[in-house]
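The values are calculated or read from the model by the stated rules, or taken from the named source; none is laboratory data. Fair warning: this is a prediction, and the values are worked out from it, not measured in the lab. Cβ placement follows ideal geometry from the backbone for every residue including glycine, while neighbour counts extend to all protein chains displayed. To get the accessible areas, we keep the full protein, side chains included, count just its heavy atoms, and leave off ligands, DNA and RNA. Shrake-Rupley method; radii C 1.70, N 1.55, O 1.52, S 1.80 Å.
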Amino acid sequence: MCGITGFWSLGPLEKNAREVLAKMTASIRHRGPDGFGYHLDAKRGMAMGHARLSIIDMHTGDQPLYSRDKSRVLTVNGEFYDYKRIRTRLRLQGFSFTTKSDSEIALPLYEREGLDFVRHLRGEFAFALFDKRNQRLVLVRDRFGIKPLYYYIGKDTVYYGSEIKAIFANPYPERKFSPAGVMHQLMHTMVPGTTAFEGVQALLPGHMLVIEKGENGFSVRDQQYWDMDFPKVDERDRKLTAAHHIQAVQETLQGAVAHRLEADVPVGCYLSGGIDSCSMLGLASSMQQQPVKAFTISFDHQAYDESVIAREMANAVKADQEEINLSSKELYGQNYITTMWHAERTFYNTLGVAKWCMSKRVNECGYRVVVTGEGSDELFGGYPAFKRDMLKYAQGDNAGLLTKLEDSNKIFKGAILAENAVSHPALEAVCGFTPSWIQPWIQTLALAKPLMNEDLLADLRDYDPIEAIADSFDKSQLDGRHFLDKAQYTWIKTMLECQILNWGGDRVDMANSMESRPAFLDHYVAEAAKMIPPKFRIRAGTEKWVLRKAMQQILPKVLYQREKFAFMAPPGHTSPDKQTALDNLIERFLNPEALRSAGMLNPGTVGEFLQRYRQDKNPVSLVRKDAILNHLLGIQILHEQFILNRQPEVIPA
């Protein structure tokens, strides 16, 4: 697991190219502190950098990697699983290798298959492959976007990097907020492929960017190679039984976890009180000879703390559990600011800060790799919003189950669930309904929009952010699908990549040079999951029913029978010490002078919002206002860090 960056110019490289590339690579040294590698081709205008985190092939796996004839250059961030089998097959076909690295298999696969080579790659990855003969740069991102990759297309140069800060370490890309990006940060939901910054784009999951140099400059095309294509309702095989799907999940998950335990360093597990991480620990424990090291977050608020159940799971499999106890002291202050620097986007809840604290502790314990449970809710229908849509649109009288769902998720209303149903015509047009997961953020937008600077609002007077999100969806992947499939697909395309896998995953883990491996997002598991009929994914009001059945023998009974509980950190309003810590951030970043200087937010309306927030006693309203407050702070902090180029005081090495 590493960091990659670089740039490709139409003309030859400038004399300071190596110095600039070194600076870009050093900006993401937290992703790869074990060594830097560079490829510079002055004549062709190509500069490629690599920051290495050594996990597989500790001694010969340095990058960049080169093809046999040196005509192709490769830098990789991530892991290619099942690489030993693929490498052996390629050797039998006459290809040779210079390392034992998993990354090297991409070069002969590209030589053999051309751009179709990506279908053979399994895992979490983002990489750059330069083909000198064809004057082609290929940027590739894994199927779900587990690994990040950004690019910026300038007048005569293309820039790319694992993180935006690497692109901005080059002096030429302009540091500027996107007005639409600011609005989406405040409402929490982003348009796929966009960022908060003008001109900086995220390569979409399951896509490759093919850049070719010709006589008239660069040609750039975005090419999709994979999608989470749920079967249409009338195309599902109704003869397949629940037992068939349970077995398919068991088999694919076993394979996914086994592959993710492959490393030349120790592998641990993240462990919360949910089915997802407990399943990972249970499977990993059965495959490992020694007790698995498990890392658990505990919060100082009982309603949000899952450590008791996590402890029961750890004891059941005799794991070596490490608990990280977090309070306001750890969740705010400098940790909050540092987490924002690594996330490069705003967050609505300090769970991202909590996970940054946990990855820091993992690193301190001498671990560089953990298996995690992200992706399970997306694939198996776990979120309360998915259940609400299933119960609302399924046949039969589900009023009692809906009431139970609302009651059991009361503390999350305002963020995870909307208290009142809302709809939007653009979503109705593409989905046939407005998915429940986006409804709270539509309500958030109504409160957040007036907090923006008047000039930005004038620029966006004809812009509808909800319509922009709806227009980004591939309607052919929604037509003819079940309501639950549509809800899951639209979430996967937005919140999974922009939130769960960002400040809930790679960005806060790699901030501390620690690789997370979400086995549920193995595409073989995804292919099995999408075939499960909705009636088995959520059965009689029980979410993730097939997964529960598949993992029943390795889960404690209390967990197997437990309803899905959203994993969040206690919001700022839940205790006086958190409120005090939050007030310190407000005083620094949301004072009128700071707001006027940044120019993104309206000092008057923000001041009124803060006054209403401090007077509010309604728990639902406070959850939503807490989310908006975190986003307001985020905009101001990002402005300081990326527009003014003032890095945080502490950046983990």
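Worth a mention:
- Placing +1 on each Lys and Arg Cβ and -1 on each Asp and Glu Cβ, with no other charges, gives the chain a dipole about its Cα centre of roughly 1060 debye.
- The figure for Arg588 is an accessible area of roughly 110 square angstrom, using a 1.4 Å probe on the protein chains alone.
- Radius of gyration and Dmax over the Cα atoms of the stretch 1-122, both given in Å: 14.9, 44
- Given the choices (1) 56; (2) 48; (3) 68, percent of Cα pairs over 32 Å apart derived from the coordinates of this structure is entry (2).
- Its relative contact order, with pairs defined as Cα atoms under 8 Å and 6+ residues apart, puts the chain at 17 percent.
- Only one residue of Ile153, Ile442, Ala42 has its Cα farthest out toward the positive end of the dipole of the chain, where Lys and Arg carry +1 and Asp and Glu -1 on Cβ, and that residue is Ala42.
- Along the stretch 319-326 the Karplus relation, 6.51 cos²θ - 1.76 cosθ + 1.60 evaluated at θ = phi - 60°, assigns HN-Hα couplings of 6, 8, 8, 10, 9, 10, 8, 10 Hz to successive residues, with x for each Gly and Pro.
- In the frame of its principal axes, the stretch 244-353 has Cα extents of 46, 32, 30 Å, reported largest first.
- Within the accessible area of the chain (1.4 Å probe), percent carbon and sulfur: 48
- Note on the chain: helix-only mean residue ellipticity at 222 nm, from DSSP H runs of 4+ residues weighted -39500 (n - 2.57) and normalised by residue number, equals -11500 deg cm²/dmol.
- Sequence-separation-based contact order of the stretch 589-653, relative, with Cα cut under 8 Å and 6+ spacing, percent: 33
- Taking Cβ atoms as reference points and 15 Å as the exclusive limit, the residues near Ser178 contribute a net charge of -2, counting Lys and Arg as +1 and Asp and Glu as -1.
- Average accessible area per residue (Å²) across the stretch 299-357 - probe 1.4 Å, nucleic acids and ligands excluded: 34
- Dipole axis of the stretch 247-390 (+1 Lys, Arg; -1 Asp, Glu on Cβ), positive-most option in Ala316, Ala354, Phe380: Ala354
- Derived scalar couplings between HN and Hα for the stretch 305-316 equal 9, 10, 5, 5, 5, 4, 5, 5, 5, 4, 5, 5 Hz in order, rounded to whole Hz, by the Karplus curve 6.51 cos²θ - 1.76 cosθ + 1.60 (θ = phi - 60°), x for Gly and Pro.
- Charge dipole of the stretch 228-384 (Cα centre as origin; +1 on each Lys and Arg Cβ, -1 on each Asp and Glu Cβ, all else neutral): 100 debye, rounded to the nearest 20.
- Cα centroid separation - the stretch 529-599 against the stretch 116-144, whole Å: 33
- The value of relative contact order for the stretch 528-626, using C-alpha pairs under 8 Å at least six residues apart, is 15 percent.
- Other residues lying with their Cβ under 14 Å from the Cβ of Leu456 contribute a combined charge of -1, Lys and Arg counting +1, Asp and Glu -1.
- Accessible area per residue for the stretch 50-153 is 34 Å², calculated with a 1.4 Å probe on protein heavy atoms, without ligands, DNA or RNA.
- For Glu322, distant residues with modelled amide H under 5 Å away: Ala294, Phe295, Thr296
- This model, with +1 at the C-beta of Lys and Arg and -1 at the C-beta of Asp and Glu, gives the stretch 156-222 a dipole about its Cα centre of some 180 debye.
- Probing with 1.4 Å while keeping every protein chain in the model, the per residue accessible area of the stretch 509-653 equals 39 Å².
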